[in-house]
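The values are calculated or read from the model by the stated rules, or taken from the named source; none is laboratory data. In this text, all values refer to a predicted model and were calculated from it rather than measured experimentally. All Cβ positions, even for glycine, are placed from backbone atoms using ideal geometry, and neighbour counts span all protein chains on display. In case anyone asks, the SASA skips ligands and DNA or RNA and just uses the protein heavy atoms, side chains included. Shrake-Rupley method; radii C 1.70, N 1.55, O 1.52, S 1.80 Å.
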Amino acid sequence: MTSQTTEIGLFLRRWLAHPLRVGAIMPSSRALARLVARNAVTSPDDTVVELGAGTGTVTRALVEAGLDEGRLVLIELDRDLVAYLRRRFPSATVIEGDASRPYDILPRDSIGKVDTVISGIPALQFPLEKQRQFIGQCFAAMRADGQLLQYTYSLASPLPTAPLKLSGKRLGLAFANVPPAHLWGYTPLEGSGIGEAAAGEAAE
């Protein structure tokens with residue numbers, strides 16, 4: 001059985017078990033995974049956090065693009081997918097937990113050292129206040145020049161940039177995905193203070 005067939009079978013079983021928890025109808029395609037990797041990996045020594053790692057399609061592309069597997073932190077809510085990821089990427093740090101709150105559950109020695117957070121969770125569906133909390137959690141974990149990558153099936157930005165004080169740019173389209181997926185990159189606007197509130201709440 002091929003790796004892709006295994007991934008699709010596992011994904012569909014988890015989707016049938018928890019249809020509201022899984023944000024996609026199919027695993028990410030190789031085309032989308034390569035698009036994400038091109039925009040995420042600048043050095044083998046980057047520290048990358050993947051939110052909602054699923055069956056690891058994007059994870060595999062990151063490693064193939066040259067990222068040291070040991071520099072990867074994967075956050076996934078589904079227990080069966082967590083077990084699968086741990087077997088498939090034994091050098092990565094795989095965490096079972098709520099991917100919308102990465103700052104709260106990342107290892108403390110990772111905080112402030114993350115170069116890129118990749119989000120495969122459906123942030124577009126969050127209400128504005130939860131979106132604000134989500135990006136605060138992401139940027140609180142990053143270096144000052146870190147970036148958030150979010151892939152989405154929507155034509156528009158999945159995060160409203162003005163209310164959230166973000167600079168956003170569409171980085172590409174993976175047409176060979178079901179459905180076609182767009183990749184967006186975000187950084188905080190200067191002086192926005194994004195991330196400070198999340199870090200302050202955790203310190204209390």
Query raised in the report: Looking at this structure, is PHE89 within 20 Å of LEU32 (Cβ to Cβ), more than 12 Å from the chain's Cα centre (by Cα) and surrounded by 20 or more Cβ atoms within 10 Å (Cβ to Cβ)?
Result: yes
**Report entry** Unique residue being surrounded by 23 or more Cβ atoms within 10 Å (Cβ to Cβ), of a type outside the set (Ser, Thr, Tyr) and touching a strand residue (DSSP E or B) at 6+ places or on another chain (Cβ under 9 Å) when the list is LEU124, LEU106, LEU74
**Finding:** LEU74
Report task. Could you list, in sequence order, all residues of region 133-148 that are surrounded by fewer than 23 Cβ atoms within 10 Å (Cβ to Cβ) and hydrophobic (A, V, I, L, M, F, W, C)? Result -> ALA144
Report summary line: Scanning region 108-151 residue by residue, the ones that are closer than 16 Å to ASP98 by Cβ, in a strand (DSSP E or B) and not hydrophobic (A, V, I, L, M, F, W, C) total 1
Query raised in the report: Of all residues in region 152-169 being of a type in the set (A, V, I, L, M) and either modelled with pLDDT under 95 or outside any helix (DSSP H, G or I) (or both), which is surrounded by the fewest Cβ atoms within 10 Å (Cβ to Cβ)?
Result: LEU155
**Report entry** Cβ pairs under 7 Å, 6+ apart, first in region 83-102 and farther than 14 Å from GLY56 by Cβ, second part of a helix (DSSP H, G or I) and of a type in the set (D, E, K, R)
**Finding:** GLU96/ARG79
Query - Members of region 175-201 found to be among the small types (Gly, Ala, Ser) and at pLDDT 90 or above, listed by number - result: ALA181, GLY185
Report summary line: A careful count of residues in region 43-64 that are open to solvent by 10 Å² or more (accessible area, probe 1.4 Å) and not hydrophobic (A, V, I, L, M, F, W, C) gives 9
Query raised in the report: Any residue at all in region 180-189 that is under 18 Å from ALA40 (Cα atoms) and either among the aliphatic types (A, V, I, L, M) or exposed (fewer than 13 other Cβ atoms within 10 Å of the Cβ) (or both)?
Result: yes
